[in-house]
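Notes follow the structure.
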Amino acid sequence: MDNEIPKVYSPETIEPHWARSWVAQKLYRPSDEPARRRFCLVIPPPNITGSLHMGHMLEHTEIDILMRWHRMSGKDVLWLPGTDHASIATQLIVEQEIGRQVLPDLEPGASARAAWRREGQRRRVEMGRENFLELCWKWKEQNGGTIRRQMERLGASCDWTRDRFTMDPAYSRAVQEVFVRLYTEGLIYRGKYIVNWCPRCGTAVSDLEVVHEERPGHLWYIRYPFEDGSGSITVATTRPETMLGDTAVAVNPGDQRYRSALGRNLVLPLLERVIPVIADDFVDPKFGTGAVKVTPAHDSNDYDMSVRHNLPRVEVIDTSATMTDEAGPYRGLDRFEAREKVVHDLREQGLLEKIEDYPLSVGTCQRCKTVLEPLLSAQWFMKMQELAGPAIRVVEEGRIRITPENYRKIYLDWMGNIHDWCISRQLWWGHRIPVWYCDACGEVIVGHVAPLACPNCELSSLRPEMDVLDTWFSSALWPFATLGWPDDTADLRRFYPNDLMIMGFDILFFWGARMIMMGMKFMNDVPFRELYIHALVRDAEKQKMSKTKGNVIDPLEITEKFGTDAVRFALAISAAPGTDIAFSVEKIESYRAFANKIWNAGRFILMNLQNLPEAWHGQLAEALRPVPELGFSAVASLESLALADRWIFSRLQAVSRKVDEALAGFRFHEAAYEVYHFFWHEICDWYLEWVKPEITRRPEGAKVPPAWINLARVFESALHLLHPFMPFITEELWQRLPRAGGSADLLSKVSGSAVPLPSEEGIKGWWRERSISLTAFKLVNERAADPVSENQFALMQDLIVSLRNAKAEMGLQKVKPSAQVGCEELRWLELFRAHLETILRLSTFQALNFTRERLEATAPGVRGGPIFALRVFHEQPVDQEAERSRLRKEKEKLEHELAKVEAQLENQEFLSRAPREVVRGVEHRRTELAGHLRKILESLERFTEDRSV
Ligand SMILES: [Zn+2]
Ligand SMILES: [Zn+2]
């Protein structure tokens, strides 16, 4: 039979099938009914150079959970996907690729990569801009779609028909428009300032792209003699080679030691240049000797000083980090060679006073790790202070809510301290800055199209600006440029502001802050109403994952091995806001086991369902038809339900509510835990077992029994709750349930057979039935809340568990004993009597008799609780010796475990460092172990007493 449900759960066949089907059906395209409430998130665009890593996997899992949850709450959801052109990263990769083709024989590794890059850079200059850009586009064509394919396979519920790229023609037009408007308003300017320069990449980079590394260094003390021959001043520096560019020595104006030196001249050693001693408040009298060298062309603070004191700026290091002509005898040397030679020469001349060890914070290039050089360079800048104002206010006023809360302060601090942004890059791949220069008259022309002639002198030989914009300039426009801005499109009106943005902390300033500034500037509204900053995925010891440590988990490998659903669930249940995630393969294994559990429960239900008469299928399908406002229609007649049904429906609404609340607060871990516990420990362990006889009974009569209706509803609801976390397995099982569309075509929808694609106009009528992810109805039904039934059911569970424990402790697993249950309250006795058959079945007892007498808890063989006590009778003699030795072994084991847990709870380091819920978990374990141990000790005591009786 081809409709048989496979015994083994195999994500490797289910997942690719549904992934393809969802994309092919364009399932996640929002409707065009503007009246419906919408929910929108634009993806943090991955780089086209990227391949999916664990960070993406977490980010996309969290986003997808929320998108599916909002969609299933009845909203019209848009998750807009796209990719970023990644100017510098792409250019480096293409250069490296060119190098690799020229030098194919190098042994792959770091040194080969460096050689390829050098060669590729040379060839790029040789072939010229247009040819190189053609290669970049070709590379993008061939490799830029990797992430998209991976995301499709992992089931990301994006609207792929709206896929965007930051260098699409329409998007580029938005970038130009923003540049022109900001320039016209004077918010973009060109100037020669100190920038962070990467000599390897040959471009300026912004402050945010500087990676500061702590390295051991030195402080060199150098004597600068006075011009008049009367002694010298000693300055301390960490970079002696830059002294060649000194144009002054500065001291603090309040520093008495140097009072008489002010206004006099010094002779710069090695170059014999005459330079003044100046006074400036910036100088810290406690650093070194209190006198510092001033190098305006190679230090931004010194540059500022040169503006205040009108000092010349001598550039001694060029863009390739080589010494310039100004460096005199050191010209042509690399900056680090020059350092050695300068120190050597100073020592020879007796001008090096001493050298001290001194730890340095060295700025390196985020992309290539080269030590950056502060250089004077003509660049384009964006004035940030004016743009920051509104972006600060919207966060202060709560128009954008940032979670976790602590990032709000970090954001506001940074924004209050913002510097102008260097937006030009000396690269070719990217948005060329829309500027032309007239060298004849000095006119600067800014516009959307190349001008034919200079508007000032009418000459036509204009020179285009060669620089491109920082990649983050274009991504800052992402929330509105992806929706059609600057045109007034329907999408822009409907989906701006976006509702939510999720990103890692590492790009909060690169991207998050700039999106807020640009959104306020060009849309006059926030780009998104909520900003959630997700944590990092680390290894099981909470170490950062890195290639050198060898602890990197590849998301594609593990989803291949365990299934996407298991990986998603493992991530979600670990994702507490503000806490980095300790991730391991073992963790995924246990959620793979959860997926198996779901599969087996589903299989049990569906197999029994298949044995039902055809007519019942139709009635079940009708009963499963959702009533959007109420949940299931039949929950309306709650009063007629059996205890287990009242209990499970009450739990269902409580769990649904908790999941809703947790997801609204980004507490993915709480939501996942609720769903997990509900499915495994309530539905599988209790509800299914409870109703089993009615489900497996031979069908009779014309009407489907209520037990079936209730079970089908509970199961379908559980699939709904699980779906945002585990979209594939839930879709597969849901598709096999009887549908109102008729059970006949049920089987054509399951995996392995082609999913029929509806016609465009057919979609509207059918869409609610096409996928579990599109079914929208409220699970939280206030009327199902039933604390009385929950209480009664808990007592039944308690009795059954007590009976099971008694059997186990007495070594009676293989027999069906009898017991007496004493309970003083009539209403509980009646409850027990009414469910006698179920109690006997689930506890495997022969018979129970009930009494209102109090069974003395201290009497031999009696186990008591606050509400009932029980005494077990058995005919089969217990093997006392075997039982005692089993109990003793158990006791030793428990004592050992308890000691370990207690030691952990006394460990101050553990207590101070472990997250609160971990500590709570260990405390809970201690209570459990102690309780269990107490029971074992009691049993052991009873054995001793029994023998004495
Ligand atoms: Zn670099
Ligand atoms: Zn001109």
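The values are calculated or read from the model by the stated rules, or taken from the named source; none is laboratory data. Note that this is a predicted model, so its numbers are computed, not measured. All Cβ positions, even for glycine, are placed from backbone atoms using ideal geometry, and neighbour counts span all protein chains on display.
Observations
Matching residues to (1) over 21 Å from Ser377 (Cα atoms); (2) under 36 Å from the mean Cα position of the chain (by Cα); (3) at pLDDT below 95:
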{"residue": "Ser172", "(1), (2), (3)": "yes, yes, no"}
{"residue": "Leu182", "(1), (2), (3)": "yes, yes, no"}
{"residue": "Gly186", "(1), (2), (3)": "no, no, no"}
{"residue": "Gly191", "(1), (2), (3)": "no, no, yes"}
{"residue": "Cys201", "(1), (2), (3)": "no, yes, yes"}
{"residue": "Leu208", "(1), (2), (3)": "no, yes, yes"}
{"residue": "Ile222", "(1), (2), (3)": "yes, no, no"}
{"residue": "Gly229", "(1), (2), (3)": "yes, no, yes"}
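- When Ile507 is tested against (1) surrounded by fewer than 18 Cβ atoms within 10 Å (Cβ to Cβ); (2) in contact with a helix residue (DSSP H, G or I) (Cβ under 6 Å, 6 or more places away or on another chain); (3) under 12 Å from Pro45 (Cα atoms); (4) of a type outside the set (Asp, Glu), just one condition goes unmet, and that condition is (2).
- Residue match in segment 69-82 (condition: of a type in the set (Lys, Arg) and either buried (at least 19 other Cβ atoms within 10 Å of the Cβ) or without any contact (Cβ under 8 Å) to a residue 12 or more places away in the chain (or both)): yes
- Exactly one residue out of Glu443, Glu465 is surrounded by 14 or more Cβ atoms within 10 Å (Cβ to Cβ), farther than 22 Å from Arg124 by Cβ and within 16 Å of ligand 2 (Cβ to nearest atom): that is Glu443.
- One residue from Thr471, Thr489 being within 16 Å of ligand 1 (Cβ to nearest atom) and either touching a residue at least 60 places away in the same chain (Cβ under 8 Å) or not acidic (Asp, Glu) (or both): Thr471
- Only residues that are among the charged types (D, E, K, R) and buried (at least 20 other Cβ atoms within 10 Å of the Cβ) were counted across segment 675-715, and they come to 2.
- Selection status of Ala236, farther than 30 Å from Trp380 by Cα, crowded, with 18+ Cβ neighbours inside 10 Å and away from ligand 2 (no atom under 16 Å from the Cβ): yes
- The requirement of being more than 30 Å from the chain's Cα centre (by Cα) and more than 16 Å from ligand 1 (Cβ to nearest atom) is not satisfied by Leu154.
- Complete set of residues in segment 27-50 that are exposed (fewer than 14 other Cβ atoms within 10 Å of the Cβ) and either touching a helix residue (DSSP H, G or I) at 6+ places or on another chain (Cβ under 7 Å) or assigned to a strand (DSSP E or B) (or both): Pro34
- Criterion: assigned to a loop (DSSP other than H, G, I, E, B), more than 16 Å from ligand 1 (Cβ to nearest atom) and touching a residue at least 12 places away in the same chain (Cβ under 8 Å) - qualifying residue of Ala388, Ala450, Ala378: Ala450
Yes/no per residue for (1) over 25 Å from Glu716 (Cα atoms); (2) free of Cβ contacts under 8 Å to residues at least 12 places away in the same chain:
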residue: Arg529; (1), (2): yes, no
residue: His534; (1), (2): yes, no
residue: Met545; (1), (2): yes, no
residue: Gly550; (1), (2): yes, yes
residue: Asp554; (1), (2): yes, no
residue: Gln619; (1), (2): no, no
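- Any hit, segment 267-281, residues being surrounded by 17 or more Cβ atoms within 10 Å (Cβ to Cβ), within 16 Å of ligand 1 (Cβ to nearest atom) and either of a type in the set (Asp, Glu) or assigned to a helix (DSSP H, G or I) (or both): no
- Taken over segment 221-250, the criterion of being touching an Asp or Glu at 6+ places or on another chain (Cβ under 8 Å) and not small (Gly, Ala, Ser) is satisfied by Tyr221, Ile222, Arg223, Thr234, Thr242, Leu244.
- Annotation note: of Ala391, Ala338, the sole residue that is of a type in the set (Gly, Ala, Ser), at pLDDT 95 or above and over 30 Å from Glu530 (Cα atoms) is Ala338.
- Residue selected from segment 816-841 under the condition surrounded by fewer than 18 Cβ atoms within 10 Å (Cβ to Cβ) and small (Gly, Ala, Ser), by the criterion nearest to Ser885 (Cα to Cα): Ser818
- Conditions (1) touching a residue at least 40 places away in the same chain (Cβ under 8 Å); (2) buried (at least 20 other Cβ atoms within 10 Å of the Cβ); number of the one not met by Tyr258: (1)
- Leading residue by the ranking (farthest from ligand 1 (Cβ to nearest atom)) among those in segment 353-370 that are in contact with an Asp or Glu (Cβ under 9 Å, 6 or more places away or on another chain) and in a strand (DSSP E or B): Pro359
- Top-ranked residue in segment 176-212 [being more than 15 Å from ligand 1 (Cβ to nearest atom) and among the polar types (S, T, N, Q); ranked as nearest to Trp429 (Cα to Cα)]: Gln176
- Complete set of residues in segment 220-240 that are within 17 Å of Lys354 (Cβ to Cβ) and of a type in the set (A, V, I, L, M, F, W, C): Trp220, Ile222, Ile233, Val235, Ala236
- Condition broken by Trp429, with the remaining ones in (1) within 15 Å of ligand 2 (Cβ to nearest atom); (2) hydrophobic (A, V, I, L, M, F, W, C); (3) buried (at least 16 other Cβ atoms within 10 Å of the Cβ); (4) touching a residue at least 60 places away in the same chain (Cβ under 8 Å) satisfied: (1)
- Test: residue in segment 808-815 that is under 16 Å from Phe868 (Cα atoms) and either surrounded by fewer than 20 Cβ atoms within 10 Å (Cβ to Cβ) or out of contact with any Ser or Thr (no Cβ under 7 Å at 6 or more places or on another chain) (or both): no
- Only residues that are hydroxyl-bearing (Ser, Thr, Tyr) and assigned to a helix (DSSP H, G or I) were counted across segment 51-102, and they come to 3.
- Among (1) farther than 22 Å from Ile194 by Cα; (2) of a type outside the set (Gly, Ala, Ser); (3) surrounded by 15 or more Cβ atoms within 10 Å (Cβ to Cβ); (4) touching a residue at least 40 places away in the same chain (Cβ under 8 Å) - the single one Leu244 does not satisfy: (1)
- Only residues that are surrounded by 15 or more Cβ atoms within 10 Å (Cβ to Cβ) and among the acidic types (Asp, Glu) were counted across segment 798-807, and they come to 0.
- Some residue of segment 915-924 being under 28 Å from Val788 (Cβ atoms), touching a strand residue (DSSP E or B) at 6+ places or on another chain (Cβ under 7 Å), free of Cβ contacts under 8 Å to residues at least 12 places away in the same chain and in a helix (DSSP H, G or I): no
- Only residues that are assigned to a strand (DSSP E or B) and of a type in the set (Asp, Glu) were counted across segment 176-218, and they come to 2.
- The residue of segment 96-110 that is surrounded by the fewest Cβ atoms within 10 Å (Cβ to Cβ), among those that are within 33 Å of the chain's Cα centre (by Cα) and on the phi < 0 side of the Ramachandran plot, is Ala110.
- If the condition is being of a type outside the set (A, V, I, L, M, F, W, C) and in a helix (DSSP H, G or I), then segment 830-851 contributes Glu830, Arg833, Glu837, Thr838, Arg841, Ser843.
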